[in-house]
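Novice: If you scroll down you'll find the structure; I have some questions about it.
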Amino acid sequence: MLERLAAFFNNPEEYKTELPDADAPHAMGALLVRAAKADDAYLFEEIAIIDKILGQRHGLNPIDAAKMRAECELLEKDIPETQEIAAIVNHAISTAEKEATLLALWRVVYADGVKHDQEDRLLHHIERVLGIKPNRAKELQQKATA
């Protein structure tokens, strides 16, 4: 193990995560990352809940969920427009999954215990792109705080 750690520090270029395909699971994860970063802080509490959500939604163990999050972080950085990421999700999943995604996004936003205006604006934008009606979106937001 020490040899692998030493190899990483001696040649970190070999240990870069590849940019994943912009498929629905990675796009959803990228939206979770984008929501967590919306307040210009990317906190441990947010990262932990993203890993938990990815693990539950995709049947991943904690290590694989963290790897997927790392891939989603790259995708989030590579696609500057939130609408583009949300559109990938919108075209690929059912209404129930869209609602589950919005609920997960609100849980990430509330993970640090503070709601910021920029997070609120971002999630309302995403709900519009996903085609979730305002009344239903409000229910999901309230459910995330319960």
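The values are calculated or read from the model by the stated rules, or taken from the named source; none is laboratory data. If you're wondering where the values come from, they're calculated on a predicted model, not measured in any experiment. Glycine gets a Cβ as well: all are built from the backbone with ideal geometry, and neighbour counts include every protein chain shown.
Novice: Just one of (1) at pLDDT below 95; (2) within 17 Å of Phe44 (Cα to Cα) trips up Asp117, so point out which.
Specialist: Among (1) at pLDDT below 95; (2) within 17 Å of Phe44 (Cα to Cα), the lone unmet condition for Asp117 is (2).
Novice: So Ile132 passes all but one of these: (1) buried (at least 19 other Cβ atoms within 10 Å of the Cβ); (2) out of contact with any Cys (no Cβ under 9 Å at 6 or more places or on another chain); (3) part of a helix (DSSP H, G or I); (4) modelled with pLDDT of 95 or more. Which condition number does it fail?
Specialist: Failing condition for Ile132: (3).
Novice: Here's something else I'd like to know. What pairs come out if I take residues in the stretch 21-40 that are within 12 Å of Val89 (Cβ to Cβ) and pair them with residues that are among the hydroxyl-bearing types (Ser, Thr, Tyr) whose C-beta lies under 8 Å away, six or more apart or interchain?
Specialist: Every condition considered, the pairs that remain are Met28/Thr101; Leu31/Thr82; Leu31/Thr101; Arg34/Thr82.
Novice: Would you call Arg69 assigned to a helix (DSSP H, G or I), in contact with a Pro (Cβ under 8 Å, 6 or more places away or on another chain) and within 17 Å of Asp23 (Cβ to Cβ)?
Specialist: no
Novice: State yes or no: is Glu3 assigned to a loop (DSSP other than H, G, I, E, B), farther than 26 Å from Asp117 by Cβ, modelled with pLDDT of 55 or more and out of contact with any Cys (no Cβ under 8 Å at 6 or more places or on another chain)?
Specialist: Here the answer is no, as Glu3 does not meet what is asked.
Novice: Just to verify a result, which residue in the stretch 55-66, among those that are aliphatic (A, V, I, L, M) and in a helix (DSSP H, G or I), is farthest from Ala41 (Cα to Cα)?
Specialist: Filtering first and then ranking leaves Ile63.
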